[in-house]
Amino acid sequence: MKTGVIGLGGMGTPMARNLHHAGYLQSVWNRTATTAEQLAAGFGIEAAADPAALAGCCELVVLSVSADADVLDVVQSLLPGINAGTIVVDTSTVSRETAMQAAALLQAVGVSFLDAPVSGGIEGARQGTLAMMVGGDADTLERITPVLSAIAGRVEHMGPVGAGQATKAVNQVMAAGINQAVTEALAFAKALQLPLDKVIDVTGSGAAGNWFLNHRGPTMTRGMFDPGFRVALHHKDLAICKHMAAQFDVALPIVEMTLVHYRRLMEAGYGDEDISALFREKLGLFAKDDKRPRRP
């Protein structure tokens, strides 16, 4: 199945690479043309001139962009060149309403749409082990599962269009809670003057063990916050969760608290760091002058 990828950022590039290695990649497009051209040259394929051109030569189009407006803009840009029967899979994290809008636009021209946000970070994208939560037609998903298996270790059908994004919202609330707990606990351990490597090792082997502690604990405690999942992106995702919760006339405490903390980090210039940068905020709880660390 000839497959194109639109959006070649931290997640889209490794997904495109895995699709190429599996023999599916036909074309790529990125808003910054040089990024697509360089990647395409390395793969020995053509970078599309625009989304419509990519859609015209592909049976499956995979989107990996950052925001709701980006998804709808790209879908609109696909329409002039896309063929009936093509399948569009959006791996971005956006609102359920945006997924439903995109599906309606494509359905009008005979194109199937699946909202398929992913979890697993840049590491998962590179290794092809992402967890994919899919909303849309189950038969359509079954047809393209062999292709999606090149980029995801787990592909799960969650229900109709929008169910994938709803599941990702649940995932992001969980991720916020884990981030809050791990960073706060390790800041507490530091204040208690415990050997942090040993704390991470022993607690990670027991009931408190989790992926974030084991993979981000060693780096955050050394002041390393290279992007795995950026603060600004998780802030964007949690704003979506907040909007969804408001439809039930409730506020989710973990979401509200994390939005405040992320906003502080973004204002201090840490928005492009990994979400483990929340450790910076937690260290401030134990600072004698009660001031949070700020970038010099």
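Worth pointing out:
- Any hit, the range 124-141, residues being among the basic types (Lys, Arg), in contact with a Leu (Cβ under 9 Å, 6 or more places away or on another chain) and open to solvent by 60 Å² or more (accessible area, probe 1.4 Å): no
- Taking the range 20-45 as the range and being farther than 12 Å from Ile6 by Cα and either touching a helix residue (DSSP H, G or I) at 6+ places or on another chain (Cβ under 6 Å) or of a type in the set (Val, Ile, Thr) (or both) as the test, the residues that pass are His20, Tyr24, Thr34, Phe43, Ile45.
- Filter result (closer than 26 Å to Val134 by Cβ and in a helix (DSSP H, G or I)) within the range 48-64: Pro51, Ala52, Leu54, Ala55, Gly56
- Some residue of the range 189-206 being at pLDDT 95 or above and closer than 27 Å to Ala55 by Cβ: no
- Criterion violated by Ala277 - all others in (1) of a type outside the set (Lys, Arg); (2) more than 25 Å from the chain's Cα centre (by Cα); (3) open to solvent by less than 30 Å² (accessible area, probe 1.4 Å) satisfied: (2)
- Residue match in the range 187-210 (condition: under 23 Å from Ala131 (Cβ atoms), in a helix (DSSP H, G or I) and in contact (Cβ under 8 Å) with a residue 60 or more places away in the chain): no
- Scanning the range 92-119 for residues that are touching a residue at least 24 places away in the same chain (Cβ under 8 Å) and small (Gly, Ala, Ser) turns up Ser92, Ser95, Ala99, Ala102, Ala103, Gly110, Ser112, Ala116, Ser119.
- Selection count, the range 219-272, where residues are part of a loop (DSSP other than H, G, I, E, B) and either surrounded by fewer than 21 Cβ atoms within 10 Å (Cβ to Cβ) or in contact with a strand residue (DSSP E or B) (Cβ under 7 Å, 6 or more places away or on another chain) (or both): 19
- Counted residues, the range 253-265 - those being in contact (Cβ under 8 Å) with a residue 24 or more places away in the chain and over 21 Å from the mean Cα position of the chain (by Cα): 1
- Yes/no for Val147 being at pLDDT 95 or above, assigned to a helix (DSSP H, G or I) and in contact with a Phe, Trp or Tyr (Cβ under 7 Å, 6 or more places away or on another chain): yes
- The range 93-127: number of residues that are small (Gly, Ala, Ser) and either under 17 Å from Asn18 (Cβ atoms) or touching a Ser or Thr at 6+ places or on another chain (Cβ under 6 Å) (or both): 7
Residues are listed down the side, and each one gets a yes or a no for (1) hydrophobic (A, V, I, L, M, F, W, C); (2) closer than 27 Å to Ala53 by Cα:
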{"position": "Leu72", "(1), (2)": "yes, yes"}
{"position": "Leu79", "(1), (2)": "yes, yes"}
{"position": "Ala84", "(1), (2)": "yes, yes"}
{"position": "Val88", "(1), (2)": "yes, yes"}
{"position": "Thr91", "(1), (2)": "no, yes"}
{"position": "Ala104", "(1), (2)": "yes, yes"}
{"position": "Leu114", "(1), (2)": "yes, yes"}
{"position": "Gly124", "(1), (2)": "no, no"}
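- Qualifying positions in the range 86-126 - part of a loop (DSSP other than H, G, I, E, B) and modelled with pLDDT under 95: Gly120
- Subset of the range 19-47 that is aliphatic (A, V, I, L, M) and not in a helix (DSSP H, G or I) - its residue that is nearest to Val147 (Cα to Cα): Ala22
- Complete set of residues in the range 52-73 that are open to solvent by 10 Å² or more (accessible area, probe 1.4 Å) and either touching a residue at least 60 places away in the same chain (Cβ under 8 Å) or more than 18 Å from Ile144 (Cβ to Cβ) (or both): Ala52, Ala53, Gly56, Val65, Ser66, Ala67, Asp68, Ala69, Asp70, Leu72, Asp73
- Residue match in the range 168-185 (condition: more than 25 Å from Leu252 (Cα to Cα), small (Gly, Ala, Ser) and open to solvent by less than 20 Å² (accessible area, probe 1.4 Å)): no
The values are calculated or read from the model by the stated rules, or taken from the named source; none is laboratory data. As the structure is a prediction and not an experimental result, all values here were calculated from the model. FYI the Cβ positions are ideal-geometry reconstructions off the backbone, even for glycines, and counts take in every protein chain you see. When the accessible area is computed, the model is the full protein with side chains, heavy atoms only, and any ligands, DNA or RNA have been set aside. Shrake-Rupley method; radii C 1.70, N 1.55, O 1.52, S 1.80 Å.
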